[in-house]
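Asks: My structure is below; once you've seen it, I'll send some questions.
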2 protein chains.
Amino acid sequence: MITKSNRLKEVQEYYFSRKLREVRQLKAKGKPIINIGIGSPDLDPPLSVSRAMVATIEKNHIHGYQSYQGLPELRDAITNFYLRHFDVELNPENEILPLMGSKEGIMHISMAFLNAGDEVLIPNPGYPTYTSVTNLLEATPVFYDLNDENDWFPDLEYLSKFDLSKVKLMWINYPHMPTGKNGTKALFEDLIAFAKKHDILLINDNPYSFILNDNPLSILNIKGAKEVALELNSLSKTFNMAGWRVGMLLGSAEHIKTVLQVKSNMDSGMFYGIQQGAIAALQTDDSWFNNLNTIYTKRRNIAWKIAERLDCTYDTDASGLFVWAKLPLSKDAEQVADELLYDYAVFLAPGTIFGSNGKGYIRISLCVTEDVLNEVLHRILKDKNE
Amino acid sequence: MITKSNRLKEVQEYYFSRKLREVRQLKAKGKPIINIGIGSPDLDPPLSVSRAMVATIEKNHIHGYQSYQGLPELRDAITNFYLRHFDVELNPENEILPLMGSKEGIMHISMAFLNAGDEVLIPNPGYPTYTSVTNLLEATPVFYDLNDENDWFPDLEYLSKFDLSKVKLMWINYPHMPTGKNGTKALFEDLIAFAKKHDILLINDNPYSFILNDNPLSILNIKGAKEVALELNSLSKTFNMAGWRVGMLLGSAEHIKTVLQVKSNMDSGMFYGIQQGAIAALQTDDSWFNNLNTIYTKRRNIAWKIAERLDCTYDTDASGLFVWAKLPLSKDAEQVADELLYDYAVFLAPGTIFGSNGKGYIRISLCVTEDVLNEVLHRILKDKNE
């Protein structure tokens, strides 16, 4: 009997994986389930992206191994994108590492800097992968609270009261998933000062900047940020390319080199055609973002009505692909999610998936059409009126 | 100062990475360097592969996240391929895990089964990634000797004399890189028995089966293999798709499930268009292999002449993308490689890259055209005749 590694003992099956199996079973029984639980963009990338793939795919000599650091043209396109949208200067030679999706970057960064037993500051609520990767490396997640009382910002003064000597990394994610809370320059400045004081590597996971947000911010825009901060970004949400697996890591040459030491021993460079698609995406003009957000704005209006109908409150300033809706105090998130699933055949995410501070919240995805959201609204209204 | 993790202390810069930097510098100075060092296929995939991508790439709704386990059609295509070429039956539901290249599988498998301090049997000579991944997880590489006296087969009787209680994994790789040695059913049977006796998970890394080899073998073809063995395979060499990043892991449902537990926390499913290309490749008819090997046979004839000219001997039965050439006893591999680089502007791999048992060997790649190989021969002959 060959036993699994200890690292897997802490890692549980993803809630979505378990729940989606149940959803499939219900569908198989004929239930007309609507899924507003998942944040996978349903819209298509700019046509130029697919065209770039078509233009290269039948060429000779594009099918071999690619450099771990990607094509120079891709790194140039990322440099220009960061300058244009975030006013951040990056050296395309050594401050950019293209990734096969930013998710793999979470593992690469963690492997590059964490030893077993090191502590990692992780937002509660937050993206579950920060926790599972930390557990996979037998480091220790230390959750910091985000809640509506502190406006979903970490309380750095409070955190400073604790012994932080074992903390090596801190994950932040603004615009924040699942709450949609936006970062500010002041927040980022405070975080950089905090990281410098406590010798912590700060990583801002930044895939939602361009969704329902007029003011995209990069933590690298803060003076001195590169000394202690890295940023992950992705084309998944910005250009509806989640399946293409294109992410990027940005930061100081020294940090990037350390992460590359891990990556080069684990995988290989991205397919040439995908890199060409990524370049085309990064060069898309600004009308793309306007059109995209016009669609999401219309969807969000309906999602807000759904939230209201469920007696929820919500923040109209939130960014990103979701509406984070606060239930009345008496309601339990998982119970509400189950009721919606069994009574209305609507699947959505209870806030507890993202940590204990998600208690009392549900998350509605904007990755479905207005028609689908209206159908959800219709199902709930119909029942209420009966 | 944020220090890198301890795991990186054991991982050195890849020889190729360092040497190729030198090659680039020489090229920049005008040296007409020929590279016969690298095993990245220069030939193109079947046209049906690119066509499959073109046929899907402008479709709607193919750009979102894909399942970790890949499309059912891809798993079916892999099932059929393994049945047709290896006479191995696999359950497409749970005995196949598509990967973004088989290289990432080495890390996934290692994370799934290894704890720090566990021992891993690794071939010397062998693919350097087995060692670097083992070191990255702070497990301990234990090298087993392959040499021409034991016909590049592990001496299992000798290994059994040692305390193997801490050994958790054993990497094998037949057809073997860099030597080109083929496995046999008898060898695989012995290995399975050895693995069962010592409670070791055996992984056969099998990407070279179809290159200059009339008798492709899978370790899973051996009765009872799935209890203790996994197999990695890849489209990189078989279909000239190294850049596409398509690999696969095959084995028992239980082992696959354990590896999936790691993979689902580290990356995501493969791009839809790439999966469609992979399906087309796997369905290619057998004339593909004949044509491919006709080309490699012609190249190998020239590579053999190069080896002879360098006073080397070689095994004419070898498979795979390389000629593994034994130098005269007096010659040092790295010195010969350096002489070829500096005197003839020819870059090839000294055997020592692959471990101490590569001492006294050089590796010539067949991933260049006949013209290029002839030019190498010409350069050496010219000098010899002067």
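Asks: I'd like the full set of residues that are surrounded by fewer than 22 Cβ atoms within 10 Å (Cβ to Cβ) and touching a residue at least 24 places away in the same chain (Cβ under 8 Å), limited to region B:239-255.
Replies: Those that are surrounded by fewer than 22 Cβ atoms within 10 Å (Cβ to Cβ) and touching a residue at least 24 places away in the same chain (Cβ under 8 Å): B:SER252, B:ALA253.
Asks: Give the residue, chosen from A:ILE38, A:ILE2, A:ILE33, that is β-branched (Val, Ile, Thr), touching a Lys or Arg at 6+ places or on another chain (Cβ under 6 Å) and farther than 30 Å from B:THR238 by Cα.
Replies: Matching residue, one of A:ILE38, A:ILE2, A:ILE33: A:ILE33.
Asks: Looking only at region A:178-201, which residues are part of a helix (DSSP H, G or I) and over 17 Å from A:PHE86 (Cβ atoms)?
Replies: A:ASP190, A:ALA193, A:PHE194, A:ALA195, A:LYS196, A:LYS197, A:HIS198
Asks: I would also like to ask the following. Just to verify a result, which residue in region B:21-79, among those that are acidic (Asp, Glu) and more than 25 Å from the chain's Cα centre (by Cα), is modelled with the lowest pLDDT?
Replies: So, considering only residues that are acidic (Asp, Glu) and more than 25 Å from the chain's Cα centre (by Cα), the one modelled with the lowest pLDDT is B:GLU58.
Asks: Checking B:ARG51 against (1) closer than 26 Å to A:LYS59 by Cα; (2) within 7 Å of chain A (Cβ to nearest Cβ): exactly one of these is not met. Which one?
Replies: All conditions pass for B:ARG51, except number (2).
Asks: Within 29 Å of B:ALA55 (Cα to Cα) and among the basic types (Lys, Arg) - does that describe any residue in region B:202-224?
Replies: no
Asks: Among the residues of region A:25-47, are any free of Cβ contacts under 8 Å to residues at least 40 places away in the same chain, within 13 Å of chain B (Cβ to nearest Cβ) and either in a loop (DSSP other than H, G, I, E, B) or more than 23 Å from A:GLY320 (Cα to Cα) (or both)?
Replies: Checked region A:25-47: no residue is free of Cβ contacts under 8 Å to residues at least 40 places away in the same chain, within 13 Å of chain B (Cβ to nearest Cβ) and either in a loop (DSSP other than H, G, I, E, B) or more than 23 Å from A:GLY320 (Cα to Cα) (or both).
Asks: Same structure, new question: Could you go through region A:225-233 and let me know if any residue there is in contact with a Pro (Cβ under 8 Å, 6 or more places away or on another chain) and closer than 29 Å to B:SER17 by Cα.
Replies: Checked region A:225-233: at least one residue is in contact with a Pro (Cβ under 8 Å, 6 or more places away or on another chain) and closer than 29 Å to B:SER17 by Cα.
Asks: Checking the structure you have, find out if any residue of region A:246-260 is in contact with a helix residue (DSSP H, G or I) (Cβ under 8 Å, 6 or more places away or on another chain), among the charged types (D, E, K, R) and either part of a helix (DSSP H, G or I) or closer than 30 Å to A:HIS61 by Cβ (or both).
Replies: No: zero hits.
Asks: Take the residues of region A:56-78 that are within 10 Å of chain B (Cβ to nearest Cβ) and not in a loop (DSSP other than H, G, I, E, B): which is surrounded by the fewest Cβ atoms within 10 Å (Cβ to Cβ)?
Replies: Residue satisfying both the conditions and the ranking: A:THR56.
Asks: Here's something else I'd like to know. Given the options B:PHE113, B:PHE143, name the one that is modelled with pLDDT of 95 or more and touching a Pro at 6+ places or on another chain (Cβ under 8 Å).
Replies: B:PHE143 is the lone residue from the list that is modelled with pLDDT of 95 or more and touching a Pro at 6+ places or on another chain (Cβ under 8 Å).
Asks: Select, from A:PHE16, A:PHE86, the only residue that is surrounded by 15 or more Cβ atoms within 10 Å (Cβ to Cβ), among the hydrophobic types (A, V, I, L, M, F, W, C) and closer than 30 Å to A:ALA345 by Cα.
Replies: Step by step, each of A:PHE16, A:PHE86 is checked, and only A:PHE16 is surrounded by 15 or more Cβ atoms within 10 Å (Cβ to Cβ), among the hydrophobic types (A, V, I, L, M, F, W, C) and closer than 30 Å to A:ALA345 by Cα.
Asks: Something else now. Cβ contacts < 7 Å: first residue within 20 Å of A:THR284 (Cβ to Cβ), restricted to region A:51-65; second residue modelled with pLDDT under 95 and assigned to a helix (DSSP H, G or I), any location; separation 6+ or different chain. Result?
Replies: Qualifying pairs under 7 Å: A:MET53/B:ILE57; A:VAL54/B:ILE57.
Asks: Give me the residue from region A:2-12 that is surrounded by fewer than 16 Cβ atoms within 10 Å (Cβ to Cβ) and facing chain B (nearest Cβ under 8 Å) and, out of that set, farthest from A:GLN276 (Cα to Cα).
Replies: Selected residue: A:THR3.
Asks: Go through (1) farther than 21 Å from A:ALA242 by Cα; (2) without any contact (Cβ under 8 Å) to a residue 60 or more places away in the chain; (3) of a type in the set (S, T, N, Q); (4) within 10 Å of chain B (Cβ to nearest Cβ) for A:ASN135 and report which single condition fails.
Replies: Result: A:ASN135 passes all but (2).
Asks: Which one is surrounded by the most Cβ atoms within 10 Å (Cβ to Cβ), of the residues in region B:89-117 that are among the polar types (S, T, N, Q) and either farther than 17 Å from B:LEU220 by Cα or within 11 Å of another protein chain (Cβ to nearest Cβ) (or both)?
Replies: Of everything passing the filter in region B:89-117, B:SER110 is surrounded by the most Cβ atoms within 10 Å (Cβ to Cβ).
Asks: Please list, ordered by first then second residue, the pairs with beta carbon atoms under 8 Å, 6 or more apart or interchain, first in region B:111-122 and assigned by TED's automatic domain parsing to the domain that holds B:ASP163 and of a type in the set (Gly, Ala, Ser), second at pLDDT 95 or above and in a strand (DSSP E or B).
Replies: As it stands, the answer is B:GLY117/B:THR140, since those pairs meet every condition given.
Asks: Across region B:246-270, what is the number of residues that are facing chain A (nearest Cβ under 9 Å) and in contact with a Ser or Thr (Cβ under 6 Å, 6 or more places away or on another chain)?
Replies: Qualifying residue count, region B:246-270: 2.
The values are calculated or read from the model by the stated rules, or taken from the named source; none is laboratory data. Here the structure is a predicted model, which is why all the values come from computation and not from measurement. Because the Cβ atoms are built from the backbone with ideal geometry, glycine has one as well, and the counts that use them run over all protein chains shown.
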